[in-house]
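Please treat every number below as a calculation from the coordinates, not as lab data. Because the structure is predicted, anything quoted here is derived from the model rather than measured. Positions of Cβ are generated from backbone atoms using ideal geometry, with glycine treated the same way; all protein chains shown enter the neighbour counts.
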Amino acid sequence: MERKKFEVILDRLLEKSMGGSLRWKSTSDPESFLLVLKDSSISVSHELGFDGEVDREEEYVNFDFRNKDGEIVQTESVARIGKKADPMFEKAVRIYSSARNEALRIDETVDRIIEQLAA
Amino acid sequence: MNAESLIFWLSLIGSLASVVGLPIAIWQIVKARTAAEASKLASIDTRNTISRNIVLTELMGCLRLIADLKTALRIDNFELAEARIGDLIRTVIQVREDLPESEFESVFSESLPQMTILRDKIEQKVLGQSAKIAKGTISQLSKFADDLTRLIGKLRTNLKSN
């Protein structure tokens with residue numbers, strides 16, 4: 001996929017995620033969340049690693065683009081290796097966090113906890 | 001009767017026969033066409049009923065595969081789970097192709113990517129790679145089985161009303 005097209009997709013995902021109009025779903029992979037579109041879907045996952053040889057932390061946000069049958073047709077990754085991060089990394093992390101928040105209903109749960117603790 | 005008057009009378013009889021025969025011919029053509037259309041519709045109906053019955057059988061097969069898959073996951077038998085999820089994905093794709101109604105599309109649009117994600121996780125387990133399968137997976141499969149059961153109910157109702 002052209003990097004420019006990927007950037008357009010990330011911008012739209014971020015905009016809609018922040019607006020709360022996307023319904024991300026949890027999956028059988030605890031680190032992966034799914035967005036179902038009309039005849040395709042996108043899953044976003046997060047990976048954290050450590051390269052012991054060079055004592056360096058690595059972090060990836062992966063986007064899998066799936067066809068009608070659910071099969072991956074394209075994967076795009078945005079990485080942070082040590083202190084060096086892809087220019088789109090922050091955007092990708094925000095999308096992942098928003099997807100996780102929406103799928104697991106984290107905000108709702110936390111708000112309920114706060115309410116119950118106040119009572 | 002001379003030859004001229006014979007020709008006159010024969011022409012007159014011929015003309016009268018044409019006037020009476022033409023509407024009869026048209027009426028018979030229309031009747032034949034209606035019968036052919038009715039027979040074509042009946043054949044389409046039969047074909048649809050057979051195809052619905054095939055889909056129903058495939059859907060029942062999906063329910064059995066989901067039950068087997070849940071058991072395999074509960075007992076950590078990933079080889080069996082891999083075989084069952086592969087069959088399940090293939091059958092669901094087949095059902096989706098066999099179902100003419102797009103109203104059921106939503107049942108498959110989420111379940112197929114969910115199942116391919118699960119299949120990839122199971123394959124990682126079979127290969128001995130470290131992979132976590134989310135706790136909610138069994139209940140997701142149960143929810144999918146419930147959706148399929150509702151779909152079976154709708155198809156049965158449609159079959160009865162036809």
Trypsin sites (Lys or Arg not before Pro) restricted to the range A:71-113 and DSSP loop, no more than 15 other C-beta within 10 Å: A:K83, A:R105
Whole-Å distance, taken between Cα centres, linking the range A:1-69 and the range A:97-119: 22 Å
Contact order relative to length of chain A, as percent, for alpha carbon pairs under 8 angstrom and 6 or more apart: 23 percent
Helix B:105-126 vs. chain B, principal-axis angle (Cα, 0 to 90°, nearest 10): 40 degrees
Summed side-chain charge close to B:G128 - residues other than B:G128 whose Cβ falls under 15 Å, Lys, Arg +1, Asp, Glu -1: -2
Structure-based [θ]222 nm, the protein assembly as shown - -39500 (n - 2.57) summed over DSSP H runs of at least 4, per residue, nearest 500: -23500 deg cm²/dmol
Spatially proximal aspartates and glutamates relative to A:K5 (Cα-Cα < 19 Å; intrachain offsets below 8 disregarded): A:E15, A:D39, A:D64, A:E76, A:D86, A:E90
Relative contact order (%) - criterion: Cα under 8 Å, at least six apart; region: chain B: 24 percent
Sum of side-chain charges, A:G82 neighbourhood, beta-carbon under 12 Å (Lys, Arg +1; Asp, Glu -1): -1
Lysine pairs meeting the criterion (Cα under 18 Å, 8 or more apart or interchain), as found in chain B: 11
Gyration tensor (alpha-carbon) shape descriptor, the range B:1-149, a/c threshold 1.5: prolate
